Amino acid sequence: MNLRSAFLLPARVWSAVFLATPLAIVCAYSLLTRGDYGGVERPWTPENYTRLLDPLYLGILWRSLWMAGLATAVCAVAGFPLALFIARAGRRRNLLLQLVLLPFWTSFLVRTYAWLFILRDTGLVNTALLRLGVIRSPLPLLYNEGAVLLGLVYNFLPFFVLPLYATLERLDPALPEAAADLGATPLRTLRRVILPLAAPGIAAGCVLVFIPCLGAYLTPDLLGGGKTVMLGNLIQNQFTTARDWPFGSAASLVLMLVSAAPLWFLLRREAR
Amino acid sequence: MPPVLELREVSKAFPNHRAVDRVSLALERGGFYSLLGPSGCGKTTTLRMIGGFEEPTGGEILLNGRDVTRLKPWQRDVSTVFQNYALFPHLSALRNIEFGLREHGRPDTTKRALEALELVRLGAKRDSLPAQLSGGEKQRVALARSLVLEPQLLLLDEPLAALDPQLRKQMRAELKAMQRQTGITFLFVTHDQEEALSLSDQVAVMNGGRIEQTGTPEDLYLRPATRFVAGFLGEMNWFGGVGVRPESTRISGSGPGLPGTVESLLFLGNCLHVHVRLADGGHAVAETPRDGQRFAEGEAVWLSWDAAGELRFE
Amino acid sequence: MRSTWRNHGAAIYAACALAFLHAPLAILILFSFNASRFTVWEGFSLRWYRVALEDPQLAEGLLNSLVIAGVSGVLSTVIGTLAAYAMWRRGARVLSGMLYLSLVTPEIVTGVSLLALFEGAFRFLQLRLGLHTVIIAHVAFSIAYVTIVISARLRSYDRTLEEAAMDLGASEWGAFARVTLPNLAPGIAAAGLLALVVSFDDYVITSLVAGVDSQTLPMVIYAMARRGVSPVVNAVSAFIVVAFGVVILLSERLQRR
């Protein structure tokens, strides 16, 4: 055995046993039947997938897509001017980029908890407003779709800014100047020169935000308080409380397929 | 005694092109040899096969009569000076030179490495890291690192290409002196004909993966075997099927001869090159002494030459 | 004139966006020093840090998290570095595909699929969920991160250095161990620190494959946050933010070397 194969061996074994096999098991479970005591039994059946067509579950799928799409849109609208500003900040751009990334490098759980702390009934906003006499009873800021959306945008905004910044940074600064020289107003320059050239970065950023939002579990769990159930929460619930592994497996595979679609689109676009 | 290096019909085919095509070559001990050719002619691939970094798809490579075609780089008694020097960035100049001695398990590594460092006059830089050395110093460390192993054959892959022109001339002289001093056989790869002609005892000219001609610099310049060699080594005027060097081309203000007009004049220091647009649309260069007859741009001139200056090809 | 106004507008917007990213954490940390139990500022105090230090659950969680992050960090760094180097020599399509897949697989799916594997295996083995299953899971998802960091470093690494080493008599192993490895060292350290952070931070996968005796710090924090407001969580969060900040800065410094 040569050196290269020897070096590859541990990674190959680990990923075969602990990445590929688990996914294969989930594939198999998704076609089996739930046992009486929460186990998995035969016969083979497509029923777990047809059950996902039930309006209740279709609603969850739809809500996941809607929340992820909305969060992506907000990140795009909020992140584009930020990325553009940083890309044009000259010597300070590294510092600014670090500032965008710094909160992202702290614990995901802590970042989500920070919003819990700010938004809950006895949290910062409500306490302040109550003290100032603006409101008489706490506003329901938490445990709704708005709070989940806020949490998703907060957690994944850097995922949009980073690839877009990388694209904008490589943009020749002479191009907008040339457009201006040819008589384009700043707004037209943005629309006809910068946006088309930044398209790959925007696409990459959108995919990088959309995929983790779609599979989000912790944010809807903590900030949605079980009311805004997304696919991630459904899967978790099926594997723990409900102990319906076959159905949870089917939901997992659907989640993976829906996540893979935009990625596939992006990779195909880049290959061209 | 067998040649130090012998290539027998060595070929290297890549999926969609043939980089080296049945190349044969024999190098005698103690000579300074050059592989000369334009970029992409296969000279670097040939060198990499001799060094053991590429495996030939055909033919044999013999070192001192022993077949080394399938041996790994660390199993062959040849050493390479890489184009970018490939000095280990984490090791000082001295440790770089010691590296090969240690790998070979030779005794007195530090003492020998220091001697080699002195040989290239870099004793004062023994503890400097490659990043702290100038281009010429890196070049000398790379040379010392290979020479200290006393290989049968030293391969040099365009080692002067990264240096500025002034330094390049100086290093050229040092290389030659180093080769004579150590007596190690050098095989030098370059695309610079002046470099090859001035340094080498023997030059092999490569083109399109094949060797076009092998010979002394004088042979190649005065008796080129092919049109390619004639054109690649020095300038050449083509009059019909006949080649004439600029220094054998006479120019005068009156006939007989080939008529043309002076296009431009290039002052080269020791002589003058007169570029002439021929009446038939062709182009030629005539060399004249700088204190000879003066010509003006646009002037009508006639070119002539002796039969002795003609080079003919099939 | 108009152009300066536009520049000011952009700068103000950027400042607001950065404030949005930083304010929640700043507020969280600020209130960890609050003397009051409630979200009203009553003066500076280290009271909640003292409570946190005396909490046996937090201490156990921290210890478990450190053990898991340490062991899985070392394992994934070794496995990932070797793999990245081997793939740099010549690509390995199946493995790199597998690693990319692990990066884009939603955490919850990684978690439940590993749970399914472990539960399936435990029917034949006399084992239970515990620290070892968490470590296995963390190594599984950290290898990809390590490989990416090391591969990025190898992209700018000069291949002729290894050729030069072999030319001077080093075997493949010698060239790797004595030339490439020393040059990769800062990248390996950076990758190791990243693996440490990724492991220490994980809640979703860990909560699925951990046993009753292997509660990690994020799991303890999650349970506390779920129970209700307590400034203790702020104190622990502040500690984590600072600790992560230090480790990541260190890692970035190393990566740039």
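Things to note:
- With θ taken as phi - 60° and the Karplus curve 6.51 cos²θ - 1.76 cosθ + 1.60 applied, the whole-hertz 3J(HN,Hα) list for region C:178-194 is 9, 10, 6, 4, x, 6, 8, 3, x, x, 5, 4, 4, 5, x, 5, 5 Hz, x standing for glycine and proline.
- Rounded to 0.05, the FRET efficiency of the B:T216 and B:T110 pair, given R0 = 25 Å and the Cβ-Cβ distance, is 0.05.
- Applying 1/(1 + (r/R0)^6) with R0 = 51 Å to the Cβ-Cβ distance of B:E235 and C:R90 gives a FRET efficiency near 0.65.
- Diffusion coefficient, µm² s⁻¹, Stokes-Einstein with Kirkwood Rh over alpha-carbon pairs of chain A at 37 °C and 0.692 mPa s: 150 µm²/s
- Angle in degrees between helix C:107-122 and the longest Cα principal axis of chain C, rounded to the nearest 10: 70 degrees
- For chain C, alpha-carbon Rg relative to the globular expectation (2.2 N^0.38 Å, N residues): 1.25
- Average accessible area per residue (Å²) across chain A - probe 1.4 Å, nucleic acids and ligands excluded: 48 Å²
- Its alpha carbons considered, region B:118-211 gives a radius of gyration followed by a Dmax of 14.0, 45 Å.
- Length gained on full extension, B:E9 to B:E55: 15.2 nm, using 0.36 nm per residue less the C-alpha separation.
- Accessible surface of chain A, 1.4 Å probe, proportion on carbon and sulfur as whole %: 66 percent
- The HN-Hα couplings worked out from phi for region B:301-311 by the Karplus form 6.51 cos²θ - 1.76 cosθ + 1.60 (θ = phi - 60°) are 9, 10, 10, 8, 7, 8, 4, 5, x, 7, 10 Hz, whole numbers, x standing for Gly and Pro.
- Coarse-grained scattering of the protein assembly as shown at q = 0.09 Å⁻¹, given as base-10 log I(q)/I(0) from a Debye sum over alpha-carbon atoms: -1.03
- One quarter of the surface of the convex hull around the alpha-carbon atoms of region B:5-224 equals 12.1 nm², the direction-averaged projected area.
- FRET efficiency, 1/(1 + (r/R0)^6) with R0 45 Å, evaluated for A:A166 and B:R290 via beta carbons: 0.20
- Label-to-label distance, nm, for residues given as B:L268 and A:N144 (7 Å Cα→Cβ offset): 8.8 nm
- Between 0 and 90°, nearest 10: helix B:93-103 axis offset from chain B longest Cα axis: 60 degrees
- Per residue, region C:57-255 exposes 37 Å² of accessible surface when a 1.4 Å probe is rolled over the protein heavy atoms with every protein chain present.
- Annotation: C:I248 carries an accessible surface of approximately 10 Å², with a 1.4 Å probe and no ligand, DNA or RNA atoms counted.
- Alpha carbon centroid spacing (whole Å) that separates region C:61-92 from region A:234-272: 26 Å
- Residue-count net charge about B:V10 - beta-carbon cut-off 15 Å; Lys, Arg +1, Asp, Glu -1: +2
- Using a 1.4 angstrom probe on protein heavy atoms only, the contact between C and A buries about 6700 square angstrom of accessible area, both sides summed.
- Normalised by residue count, region A:62-107 yields a Cα convex hull volume of 64 Å³ per residue.
- Mean-square fluctuations from a GNM of chain A, with a 10 angstrom spring cutoff on Cα atoms, peak among A:L222, A:L182, A:L53 at A:L182.
- Of the accessible area of region B:5-224, computed with a 1.4 Å probe over protein heavy atoms only, carbon and sulfur atoms account for 46 percent.
- The heavy atoms of A:T50 offer some 80 square angstrom of accessible surface to a 1.4 angstrom probe.
- Over all projection directions, the Cα-based convex hull of region C:108-188 averages an area of 7.9 nm².
- If the segment from A:L182 to A:R269 were pulled out straight at 0.36 nm per residue, it would be longer than the present Cα-Cα gap by 28.3 nm.
- Other-chain or far-sequence residues with amide H under 5 Å of B:L153's (modelled H): B:S79
- Candidates A:M256, A:M230, A:M67: whichever shows maximal mean-square fluctuation once chain A is modelled as a Gaussian network with Cα springs under 10 Å: A:M256
- Residue order for C:F124, B:F14, B:F88 - accessible surface, 1.4 angstrom probe, largest first: C:F124, B:F14, B:F88
- In whole angstrom, region C:1-72 maps to an equivalent ellipsoid with semi-axes of 40, 21, 6, each derived as √(5λ) from the alpha carbon gyration tensor and ordered largest first.
- Separation of the A:V17 and C:F38 label points, Cα + 7 Å toward Cβ, nm: 5.6 nm
- Taking all Cα pairs closer than 8 Å and separated by 6 or more residues, the relative contact order of chain A comes to 28 percent.
- Estimated translational D of region B:235-312 in µm²/s (Stokes, Kirkwood radius over Cα pairs; 37 °C; 0.692 mPa s): 266 µm²/s
- Restraint check, B:K72/B:K125; B:K12/B:K125; B:K43/B:K176; B:K12/B:K169, Cα-Cα greater than 29 Å: B:K72/B:K125; B:K12/B:K125; B:K12/B:K169
- 16 Å cut-off, amide nitrogen to a point 7 angstrom out along B:S128 Cα→Cβ, residues in region B:170-195: B:171
- Approximating the spin labels as points 7 Å out from Cα along Cα→Cβ, the B:A26-to-C:R253 distance works out to 6.4 nm.
- Degrees, to the nearest 10: A:108-119 long Cα axis against longest axis of chain A: 80 degrees
The values are calculated or read from the model by the stated rules, or taken from the named source; none is laboratory data. Here the structure is a predicted model, which means the values were calculated and not measured. Glycine gets a Cβ as well: all are built from the backbone with ideal geometry, and neighbour counts include every protein chain shown. Remember, those area values only see protein heavy atoms, side chains included, never the ligands or the DNA or RNA. Shrake-Rupley method; radii C 1.70, N 1.55, O 1.52, S 1.80 Å.
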